[in-house]
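Working notes for the structure below.
The values are calculated or read from the model by the stated rules, or taken from the named source; none is laboratory data. From a predicted model like this one, the values you see are computed outputs, not experimental measurements. Using ideal geometry, Cβ is built from the backbone for each residue, glycine included, and neighbour counts are taken over all protein chains shown. All accessible areas refer to the heavy atoms of the entire protein, side chains included, with ligands and DNA or RNA removed. Shrake-Rupley method; radii C 1.70, N 1.55, O 1.52, S 1.80 Å.
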Amino acid sequence: MSRTGREIQLAARPQGEPRESDFRLAEVQVPDPGPGEVLVSNRYMSVDPYMRGRMNDVKSYVAPFALDAPLDGGAVGEVIASHSESVSVGDTVLHGLGWRDLAVASGQAVRRVDTALAPAAAYLGVLGMPGLTAYAGLLDVAQLREGDVVFVSGAAGAVGSLVGQIAKLRGHRVIGSAGSAAKVAYLEQELGFDAAFNYRDGDVRKLLGAAAPEGIDVYFDNVGGEHLEAAVAALRPHGRVALCGAISQYNATEPAPGPRNLALVIGKRLTLRGFIVSDHSQRMGDLAREVGGWLRDGRLHNRQTVVEGLEHAPAAFIGLLKGQNTGKMLVQLS
Ligand code: NDP
């Protein structure tokens, strides 16, 4: 017996900024799960900046999305039928078949999550991929050391707000940048950043110089471009950069020029290191213990921006790229 489900398909490859017309809501027949498979009713799905890259037909570290096929990505949902020995009906599971309300997956491809420890949505954010990105990027890639002054861009977003809070909770001075006065107030007043600025207020180099007059030791880069150039200028000798994302360039139709001051990297003995979160899954246990502990005892703020309804997932994704989110951007499915 099959059921009718709904999914979001990629109707066209976006040119520059994605538009609603690049996506299509389709009704599809969802088959019964086969041997070893489960049927999941999705509750939340994630929209993430990396999905923009997958909408282009270019080779990268993940394959491009196919046209006229459903998009995919992180989701959590409830198992409503199971032919898998490891997963039971009623379990809440994390898996990679988002952008649809019903998903048939191999029991091996879903992971049970404990909703007694944290709400299901947290496994798409603070205790999931973005959390691990922040944790491993800051501690292992940027090699955070005692006394480091930390600067993070995209600071009011999913990854950035965790980078800043982890650094603060470990006793560091933290500076953040974000794209509105309301986000700057959130960073300074709610998350306890030592300083923050709105990068739209002027030259990022000057704004960072004013926020960190004595310089920085670590830059966690979510943005690239002008931010990276400003950070290279502000970094002190032996400073470290975790190159996590370059969202200022994701909609670019021409290659963007690199920082003009890269020669400073030599004299200052800087380290700039790119990374991909999936190479750091061994840190998942540490994330759950340390960050999960702060979450439970209320020391870590976990703001989310939740858009209701699968049909609004394209708008949520488009909004994410425009900064309409504070904290993790999620879509709640009915
Ligand atoms: P966010 O929650 O931070 O959302 C994206 C934010 O980017 C927006 O809210 C917006 O905030 C900001 N932004 C958009 N355009 C610009 C721009 N031109 N200049 C500066 N900021 C901009 O997303 P995530 O936390 O999920 O991701 C943050 C970064 O981390 C992304 O670059 C992403 O690709 C990267 N990433 C990398 C991973 C890896 O393995 N290397 C894994 C996960 C994420 P604002 O209002 O402040 O402009």
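Note down the relative contact order for the chain as a percent, whole number, built from C-alpha pairs under 8 angstrom at least six residues apart. Intermediate results must be reported in sequence, preceding the final value.
Details: 738 pairs, mean separation 57.9, N = 334.
Across the chain, relative contact order equals 17 percent.
So which GluC sites (Glu not before Pro) in the stretch 36-95 are both in a DSSP loop and have at most 15 other Cβ atoms within 10 Å of their Cβ? Walk me through the numbers on the way to the answer.
Values: sites: E37, E78, E85; in loops: E85.
Sites meeting the loop and neighbour criteria: E85.
When the Kirkwood hydrodynamic radius is evaluated over all pairs of different C-alpha atoms of the stretch 248-307, what value in angstrom, to one decimal, is obtained?
On the way: mean 1/r = 0.0616 Å⁻¹.
Computed over the stretch 248-307, the radius equals 16.2 Å.
Count neighbours as other Cβ atoms within 10 Å of each site's Cβ, and list the GluC sites (Glu not before Pro) in the stretch 144-243 that are DSSP loop with at most 14 such neighbours. Before the final figure, lay out each step's value.
Numbers: sites: E146, E188, E190, E214, E226, E229; in loops: E146, E214.
Passing sites in the stretch 144-243 are E146, E214.
What list of ³J(HN,Hα) values in whole Hz, one per residue of the stretch 89-94 in order, does the Karplus curve 6.51 cos²θ - 1.76 cosθ + 1.60 (θ = phi - 60°) give from phi, with Gly and Pro shown as x?
4, x, 5, 9, 10, 9
Which three lengths, in whole Å and largest first, does the stretch 19-120 cover when its Cα atoms are put on their principal axes?
38, 32, 24
Whose amide H sits under 5 Å from the amide H of I216, counting only residues 5 or more places off or on another chain, with H placed in the peptide plane?
So I216 has HN proximity to L235, R236.
In sequence order, what are the phi-derived ³J(HN,Hα) couplings for the stretch 235-243 according to the Karplus relation 6.51 cos²θ - 1.76 cosθ + 1.60 with θ = phi - 60°, rounded to whole Hz, with x for glycine and proline?
5, 8, x, 6, x, 10, 10, 8, 7
Report the percentage of all Cα-Cα pairs in the chain whose separation exceeds 28 Å, rounded to a whole percent.
More than 28 Å apart: 42 percent of the Cα pairs in the chain.
How much mean residue ellipticity at 222 nm does the chain get from its helices, if each DSSP H run of length 4 or more adds -39500 (n - 2.57) and you divide by all residues, to the nearest 500 deg cm²/dmol? Working shown, then result.
Details: 9 runs with 65 residues, N = 334.
For the chain, the value works out to -5000 deg cm²/dmol.
Please find, in a Gaussian network model of the chain (springs between Cα atoms separated by less than 10 Å), the residue of A155, A103, A66 whose mean-square fluctuation is greatest.
With Cα springs under 10 Å in the chain, the top fluctuation among A155, A103, A66 is at A66.
Just to confirm the number: angle between the C-alpha axis of helix 158-169 and the first principal axis of the chain, 0 to 90 degrees, nearest 10?
Tilt of helix 158-169: around 50 degrees.
For the stretch 271-334, which trypsin sites (Lys or Arg not before Pro) are both in a DSSP coil and crowded by at most 13 other Cβ atoms within 10 Å? Before the final figure, lay out the partial values.
Values: sites: R273, R283, R289, R296, R299, R303, K322, K328; in loops: R299, R303, K322.
Here the trypsin sites (Lys or Arg not before Pro) that fit, given the DSSP loop and packing criteria, are R299, K322.
Looking at the chain, send over the antiparallel percent of its DSSP beta bridges, to the nearest 5. Please list the in-between numbers first.
Numbers: 31 of 58 bridges.
For the chain, the DSSP antiparallel bridge percentage is about 55.
Leaving out ligands, DNA and RNA, what percent of the accessible area of the stretch 258-328 is carbon and sulfur, probe 1.4 Å? Show your work: numbers first, answer last.
On the way: 1960 of 3850 Å².
In the stretch 258-328, the share of accessible area belonging to carbon and sulfur is 51 percent.
Under 8 Å for C-alpha pairs, at least 6 residues apart: give me the relative contact order for the stretch 51-103, rounded to a whole percent. If you can, show how the numbers build up before the last one.
Numbers: 62 pairs, mean separation 15.7, N = 53.
Relative contact order for the stretch 51-103 comes out at 30 percent.
Cα to Cα, under 14 Å, and not fewer than 8 places away if on the same chain: which aspartates and glutamates meet these conditions relative to K206?
Result set, ordered by chain and number: E214, E226, E229.
Kindly give the semi-axes, whole Å and largest first, of the ellipsoid equivalent to the stretch 69-136, taking each as the square root of 5 times a Cα gyration tensor eigenvalue.
Working: eigenvalues 81, 47, 20 Å².
They are 20, 15, 10 Å, listed largest first.
When the C-alpha atoms of the stretch 142-213 are aligned to their principal axes, what extent does each axis show, in angstrom, from largest down?
Principal extents (Cα only, largest first): 31, 23, 18 Å.
Which entries of K183/K322; K59/K328; K268/K322; K183/K328 show an alpha-carbon separation above 23 angstrom in the structure shown? If you can, show how the numbers build up before the last one.
Values: K183/K322 13 Å; K59/K328 27 Å; K268/K322 34 Å; K183/K328 13 Å.
As for pairs spanning more than 23 Å Cα to Cα, those are K59/K328; K268/K322.
Over all directions, average the projected area of the Cα convex hull of the stretch 1-51 and note it in nm². Walk me through the intermediate numbers first.
Values: hull surface 20.2 nm².
Here the figure is 5.1 nm², rounded to one decimal.
Rounded, prolate or oblate: which one fits the stretch 181-334, using the alpha carbon gyration tensor with axes a ≥ b ≥ c (rounded when a/c is under 1.5, else prolate when a/b beats b/c, else oblate)?
Details: a/c = 1.59, a/b = 1.38, b/c = 1.15.
Since a/c reaches 1.5 and a/b is larger than b/c, the shape of the stretch 181-334 is classed as prolate.
Using only the Cα atoms of the stretch 94-181, what do you get for the radius of gyration and for Dmax, in Å?
Rg, Dmax (Cα atoms, Å): 16.0, 49.
How large a share of the accessible area of the stretch 50-123, in percent, is made up of carbon and sulfur atoms when the probe is 1.4 Å and the other protein chains stay in place? Intermediate results must be reported in sequence, preceding the final value.
Details: 1810 of 3500 Å².
Accessible surface attributable to carbon and sulfur in the stretch 50-123 totals 52 percent.
Can you tell me which of G77, G176, G323 moves the most in a GNM of the chain? Springs connect C-alpha atoms under 10 Å apart.
In the Gaussian network model the winner is G323.
For a quick check, take a GNM of the chain with Cα springs below 10 Å and name the residue from L124, L102, L169 with the largest mean-square fluctuation.
Maximum among the listed residues: L169.
Amide H neighbours of G73 under 5 Å, at least 5 residues apart or on other chains, H built in the peptide plane: list them.
Result for G73 returns L97, G98.
Roughly how many Å² is the accessible area per residue of the chain, as a whole number, for a 1.4 Å probe?
Details: 14800 Å² over 334 residues.
Accessible surface, normalised per residue, equals 44 Å².
For the stretch 183-334, what is the relative contact order in percent, using Cα pairs closer than 8 Å and at least 6 residues apart in sequence? Mind dumping the intermediate values first?
Details: 189 pairs, mean separation 24.6, N = 152.
Dividing the mean separation by the residue count of the stretch 183-334 yields 16 percent.
If you project the alpha carbons of the stretch 181-271 onto the principal axes, what extent comes out on each, in Å, largest first?
36, 35, 22
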